[in-house]
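Asks: Quick one: this structure, given as structure tokens, is what I'll be asking you about.
The values are calculated or read from the model by the stated rules, or taken from the named source; none is laboratory data. None of these values were measured; they are calculated from a predicted model. Cβ placement follows ideal geometry from the backbone for every residue including glycine, while neighbour counts extend to all protein chains displayed. For the accessible areas, the whole protein counts, side chains as well, though only heavy atoms, and no ligand, DNA or RNA atoms are used. Shrake-Rupley method; radii C 1.70, N 1.55, O 1.52, S 1.80 Å.
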Amino acid sequence: MLRTTVGCVGVEERDEEQEDEGEEDLRDGGVPFFVNRGGLPVDEETWEQMWRHVARIHPNGEAIGKRIRGASDLPKIPTLSVPTYQPTTSIPQRLEAIQKYIRDLQYNHTGTQFFEIKKSRPLTALMDIAKEMIRESLPIKCLEAVILGIYLSNSMPGVERFPLSFKTQFSGNHFCHIVLGVHSGGRFGALGISRREDLMFKPLEFRTLADLVQEFEGAYRGYWHTLRKVKIGQYVSHDPHSVEQIDWKHSIIDVDKLTKEELRRELERHTRDMRLKIGKAAPPSPTKDRKSSMGSPLRNPGSPMRRNSRIERRPSGEKKVLDPKPPPDMNGYQIRV
């Protein structure tokens, strides 16, 4: 029920399809982590595997695990309450409340991701996982924070949400991170979680998408990381019952191959693409009869085919149409550090 998942360290272009499906890591640098595939409550095998992994990756080794597991006076961790708002609460204040909730869950340092996130699942299935995250109130990693941010902002129709992924390089190794970009009232911002304070939340104050990306690039420079790629998805539906799949990387931009002005033009092009998609009606959610015939999206390995808009994705500067790819192999899915 566990599968080791390695980060972007040493990943070349042949892993392009999977390299962003993972986890920002500025300290461990590619140390594998596990994904809990057995659900909750955690079974005994997964539990013991997690503590063995902690002993391997923690500076204090087995001592830290023994000290925690042997303690009899550990406080009971309360279940956090999701944000609630008054009708007069502004959009920036609501986003800050969502970010506070995500932050209060805390970053997961155990080396075992508690919730399995498969990007190929329909949106309705990912929203079910978000509900489970809320019930359990466990620490999360960055991809889990994106799913949670989508769920908590579904009731805010004036806010558009989109995946925003980064690939950086430091000391010859590559690292990946993902946040949830937000756009409202002509301004951009971001929600998410990270080990680093300046690599997650960004207030809704950036005039363009380029300004937001440059803000993250400046934060990465502070950790001696060079931004290599930016991957931007399309706006995510506000319908929690939608059977659409999230378009995780409609545009793939090779930052190191572009000048600042070329990068800005590419990001402006993607912004126009996202705005055009808003007016297009999404496919209707299935009726109750169709839902019963489809079965549970969490248990059915045959999730819907990728949308045609995936074919429209273009690497930076190129406008040719790519051949559609077959559905991903669900069994080979990995979330990366």
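A quick yes/no check of all residues on (1) open to solvent by less than 10 Å² (accessible area, probe 1.4 Å); (2) out of contact with any helix residue (DSSP H, G or I) (no Cβ under 6 Å at 6 or more places or on another chain):
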| residue | (1), (2) |
| --- | --- |
| 104 | no, yes |
| 114 | no, yes |
| 122 | yes, yes |
| 131 | no, yes |
| 140 | yes, no |
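Asks: If I go through segment 155-206 residue by residue, how many of them are over 16 Å from the mean Cα position of the chain (by Cα) and either open to solvent by 40 Å² or more (accessible area, probe 1.4 Å) or within 19 Å of residue 93 (Cβ to Cβ) (or both)?
Replies: 22
Asks: Got a number for residues in segment 230-243 being farther than 19 Å from residue 158 by Cβ and either at pLDDT below 95 or open to solvent by 40 Å² or more (accessible area, probe 1.4 Å) (or both)?
Replies: 1
Asks: Condition check: of a type outside the set (D, E, K, R) and either closer than 30 Å to residue 159 by Cα or open to solvent by less than 60 Å² (accessible area, probe 1.4 Å) (or both). Does residue 60 satisfy that?
Replies: Answer is no for this residue.
Asks: Checking residue 267 against (1) in contact with a helix residue (DSSP H, G or I) (Cβ under 6 Å, 6 or more places away or on another chain); (2) modelled with pLDDT under 50: exactly one of these is not met. Which one?
Replies: (2)
Asks: Looking only at segment 119-147, how many residues end up being of a type in the set (D, E, K, R), in contact (Cβ under 8 Å) with a residue 60 or more places away in the chain, assigned to a helix (DSSP H, G or I) and within 18 Å of residue 240 (Cβ to Cβ)?
Replies: So the answer is 2.
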